[in-house]
Amino acid sequence: MLGGISVWQLLIILIIVVLLFGTKKLKNMGRDLGGALRGFKEEYKSDESNSKEEDDNLSEETHKNIEQQNAKNVDQTQQTTEQTSKEK
């Protein structure tokens, strides 16, 4: 068991902890710990969904930027072609 700790030793440790802190204090500590874990879990889930939304938005922005850059390149190519045809 648990590295040589028997059930009786765990029971003695539990009794000492209850005597030191009291049942009310232990109950409050358990409630606080549960609330903290619940809050952490909620933030973790919302963070994951936010990062997915940001990735989607980023990919949309990237596609828009690529399209804009392609349009600029086409315009520059047309201008260059027009200039060279005028020079000839």
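Values quoted throughout were computed directly from the atomic coordinates according to the rules given, and no laboratory measurement underlies them. Note that the structure is predicted; figures quoted are calculated from it, not measured. In this analysis, Cβ positions are derived from the backbone assuming ideal geometry, glycine residues included, and neighbour counts consider all displayed protein chains.
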- With label points set 7 Å from each Cα along the Cα-to-Cβ direction at Leu19 and Val74, the distance between them in nm comes to 8.4
- Query: How many nm separate the modelled label positions at Gln9 and Ser51, each set 7 Å beyond the Cα in the direction of the Cβ?
  - Reply: 4.1
- Item | Anchor Lys45: lysines whose Cα lies under 28 Å away (excluding residues fewer than 8 positions away in-chain) | Lys27
- Query: Angle between the Cα long axis of helix 7-21 and the longest principal axis of the chain, 0 to 90 degrees, nearest 10?
  - Reply: 80
